[in-house]
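The values are calculated or read from the model by the stated rules, or taken from the named source; none is laboratory data. Note that the coordinates shown come from a computational prediction; the quantities given were computed from them, not determined experimentally. Cβ: placed from backbone, ideal geometry, glycine included. Neighbour counts: every protein chain shown. Quick note on the areas: whole protein, heavy atoms, side chains included, nothing else; ligands and nucleic acids left out. Shrake-Rupley method; radii C 1.70, N 1.55, O 1.52, S 1.80 Å.
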Amino acid sequence: MPITTCVFDAYGTLFDVGAAARQAAAEPDFAAIKEDWMALAEHWRQKQLSYSWLRAVTGAHTDFWEVTENGLDWALEKTGHAGDLELRERLLALYWELQAYREVPEMLTRLKAAGLNTAILSNGSPEMLEGAVRSAGIEGVLDVSLSVQTVGIFKPDARVYDLVGGHFGCDKSEVLFVSSNGWDAAAATGYGFTTAWVDRAGDPMDRLPWSPAHVLTDLTGVPALAGV
């Protein structure tokens, strides 16, 4: 069946998760992270993901904002900035203002102009997603932001991917799912979606039972995959 619905992971896929640390490092008040902001951002992201997986497998679900705070606290301690409360507050504030990657608005506009459904499917809470979408200025080219908060478990649980069909009434074969997380794209492949992994960093493919159908370096190729 042709693709009718294009669904995107949010953080790291549409929105640049490194932007908060990069912005803070450029501000005079937070020169302390000028040299190690990249390591801080990487630790933050990895712990954010790790804590979501651990909470999923142990049944200890919580709001994604708490996971984000926990990941940052670990990263600050790891990089020697645990006592800098002003830095912590600034980084968390900037996370609500993440910008989209530069190709995102045009890409989504092309999909909508072609009559396709467009959506976010994310671990993020509804409030976090609303803030990111508004900050990036892409409200008009997204139909809906679907949050795991509806089902009370993080990706890659199948109940999360079920949200797409539940909202749009579409078959799995009609969905193109795009994620910058290789494990997410792989799990969505196993679920039955057509998938694209956005490998911006040139990382190796995860060793999992499934592989993404497509590998991209950014999102500019998504419309072609959707038949646009």
Over the range 66-155, calculate the relative contact order: mean separation of alpha carbon pairs under 8 Å at least 6 apart, over the residue count, as a percent. 28 percent
What distance in nm separates the simple spin-label points at E86 and A224, each placed 7 Å from Cα in the Cβ direction? 4.9 nm
Carbon and sulfur %, accessible surface of the chain computed with the full protein complex present, 1.4 Å: 51 percent
Only loop residues by DSSP count here, and only those with at most 12 other Cβ atoms within 10 Å; note down the trypsin sites (Lys or Arg not before Pro) in the range 103-184 that meet that. none
Please compute, for the alpha-carbon atoms of the chain, the extent along each of the three principal axes and give them in descending order in Å. 54, 38, 32
Distance in nm between D63 and E42 label points, each 7 Å along Cα→Cβ, equals 3.1 nm
List the lysines whose alpha-carbon lies under 21 Å from that of K112, not counting same-chain residues fewer than 8 positions away? K172
Just to confirm the filter: which trypsin sites (Lys or Arg not before Pro) across the range 1-95 are DSSP coil and have at most 15 other Cβ within 10 angstrom of their Cβ? K34
Across A119, A201, A185, the residue with the highest GNM fluctuation in the chain (Cα network, 10 Å cutoff) is A201
Mind grabbing the accessible area of H167 for me, 1.4 Å probe, Å², rounded to tens? 100 Å²
Give me the angle, in degrees from 0 to 90, between the Cα long axis of helix 85-95 and the longest principal axis of the Cα atoms of the chain, rounded to the nearest 10. 20 degrees
Is it possible to state the helix-based mean residue ellipticity at 222 nm for the chain, with each DSSP H run of 4+ residues giving -39500 (n - 2.57), the sum divided by total residues, to the nearest 500 deg cm²/dmol? What is it? -13500 deg cm²/dmol
With a 1.4 Å probe and every protein chain left in place, work out the accessible area per residue of the chain in Å², rounded to a whole number. 45 Å²
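What longest region of the chain stays clear of chymotrypsin sites (Phe, Trp or Tyr not before Pro) that DSSP places outside H, G, I, E and B and that have at most 15 other Cβ atoms within 10 Å?
That would be 97-209.
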Could you work out how far helix 104-113 tilts from the main Cα principal axis of the chain, as a 0 to 90 degree angle to the nearest 10? 20 degrees
List the aspartates and glutamates whose Cα sits under 19 Å from the Cα of K78, skipping any in the same chain fewer than 8 residues away. E35, D36, E42, E66, E69, E86, E89
Note to self: C-alpha centroids of the range 45-90 and the range 174-204 sit apart, in Å, by 24 Å
Mind telling me which of A113, A24, A196 comes out most flexible in a GNM of the chain, alpha-carbon contacts under 10 Å? A113
Counting other Cβ atoms within 10 Å, keep those with at most 15, restrict to DSSP loop, and tell me which GluC sites (Glu not before Pro) in the range 50-135 are left. E97, E103
